[in-house]
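Right, one structure below, let's go through it.
Just so it is clear, none of the values below were taken in a lab; they were calculated from the coordinates. Predicted, not measured: the structure shown is a model, and the values here were computed from it. Using ideal geometry, Cβ is built from the backbone for each residue, glycine included, and neighbour counts are taken over all protein chains shown.
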Amino acid sequence: MLHVIIILASAVVLLVVGGFLFQTIGLKRDERRFPAPGQLIDVGGYRLHLHALGAGSPSVILESGISASSLNWRTVQTEVAKFARVCSYDRAGLGWSDLCAQQCTPEALATQLWTLLRKADIPGPYIVVGHSFGGLIVQAFAGLYPQETAGLVLVDPLNPAEWTPITNEQRRMIRHGIRLSRRGAIAARFGVVRLSLNLLLAGNQLLPRLAAKLWSGNASQVTSRIAGQVQKMPQETWPLVAAHWKNHKSFEAMARHFEALAESAQKLSQVRQLSVAVTMLVGTQNEHPADPGEYAKRLSPETRLIFAQKSGHWIQLDEPDLVANSIAEMIENIRRLEPASTR
């Protein structure tokens, strides 16, 4: 019996050490294969990735959803770069950016973005575009830096009214999200996520789905939905997305965002009217428990509300032209009002 226990313990140790080495070598290989397309800028002891294209004022800043990176803006950014300077970036821990200990509340993240823009010498004023949770960040940005904010474009934004007062079910969802994210970070550290994604990209779906089921239970359905959204992105971005999620820092960053989610929504539950132009895009194929029209009016009586008829939550993937055109119209209106000497 003792002999069997020793053999089993030795096998477990070999698997753990082997997985750790597999992950370490893989991370180094990913760094060489997939360098950051933009700049890695030190913002105070850690680096954030910023990718700028195009030219012209006002600058357009693209803010992603709660666990997404700059890659999900690839199609929109390419189109907007034809008529404006447009910047996508990765919040700390996501994409190519370093992980940091900073809070993930909208105010803290808006300040983080402001610091990045200053360090990168991206001048204002800014049209700030926010998807989902990013909608809370860009509203906080406009509140903190009103003189530098020319307008907001909200892409199926998270509505604080849907989270206030927060329900027991929502608290349970947040706890579950934190727990799964931390499990994912452990799995990534020891190469489990890397192996699963390598198999998935090679066309083997059975083992990755089984691993997701064993690791996360019913949450594997969420994983499948996310994979479906990733497939809407340009195909050349797929290996990059996979490389990011093979790194434990992405899961840790997601856990920290979930930890701040309830506080984030509650802080912005009293929506303040904004003094800048606002366009809100709403996906008609996505469920909205609270009235988006009421939300739009609370932001500004002159909010332009657009319903994306062919879109769910990820309008920038379902109808990227609609997002790009909305940005173009806002820029045209702003440029029409400003003196020619300032353009």
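Tell me, what is the FRET efficiency for residue 290 and residue 25 to the nearest 0.05, using R0 = 41 angstrom and their Cβ-Cβ distance as r? After rounding to 0.05, the efficiency reads 0.30.
May I ask which of 82/119; 119/249; 82/232; 246/267 have a Cα-Cα span longer than 26 Å here?
Violating the 26 Å Cα-Cα cut-off are 246/267.
Which order, highest average first, do 27-38, 290-301, 42-53 follow once you tally other Cβ atoms within 10 Å for each residue and take the mean per peptide?
Packing order, densest peptide first, comes out as 42-53, 290-301, 27-38.
If you sort the three axes of the alpha carbon gyration tensor as a ≥ b ≥ c, you get a/c of 1.5 or more for segment 264-307 and a/b no higher than b/c, which makes it oblate. The phi-based Karplus calculation (6.51 cos²θ - 1.76 cosθ + 1.60; θ = phi - 60°) puts the 3J(HN,Hα) values of segment 291-300 at 5, x, x, 5, 4, 4, 5, 5, 6, 6 Hz, whole numbers, x for Gly and Pro. Residue 193 sits among other residues whose Cβ lies under 11 Å from its own Cβ, and their net charge, with Lys and Arg +1 and Asp and Glu -1, is +4.
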